[in-house]
Amino acid sequence: MPAVVDADRFSPAERSALRLDGDCFALGLTVASVGAWVGPAERAASLRAATGRNDLVVATWTAAWVHGAWPVLPNPLTLAIDRRGGRRTRAVTPPPREAVYRQDDLVVLEGVRVTVPLKTAFDLLRLHDRDDPRAAPVAQELLRRT
């Protein structure tokens, strides 16, 4: 079994049974094999079903989770569209934020585009610092990881 199970490989009931049997544990939007190493690539892979169809970018709080600087996957996911090439969609709730990314702002992990830790920290401070006192410590952790 792969470290991270694609969400469309098993039905939700089958993924639940794998968790209940102790073969897997919940990771992002899917499950991962017990004993599997979980790092940024595996966390990003667990979000592939939510980002792939519309080529969305994992950003801010969700990117902080992917990079391991935030302990809980946000609900709803914080996603963005690259205005220079991403397809706009209304299928995602809440609607993804539109942004323009430089080539070095993004990293592709297991086919999922994620803002790099430096960009994620910058966006957290720029977009969330006034509203959320947790943003500065998470940004510090992201900067430590760069």
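Data table
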{"quantity": "Cleavage-rule hits, trypsin sites (Lys or Arg not before Pro), the stretch 92-128, DSSP coil, Cβ neighbours within 10 Å at most 10", "calculated": "Arg102"}
{"quantity": "Estimated 222 nm signal from helices in the chain, with DSSP H stretches of n ≥ 4 weighted -39500 (n - 2.57), rounded to 500", "calculated": "-9000 deg cm²/dmol"}
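No lab work stands behind these numbers, since they all come straight from the coordinates. Since this is a predicted model, take the numbers as computed values, not measurements. All Cβ positions, glycine included, derive from the backbone under ideal geometry; neighbour counts span all protein chains shown.
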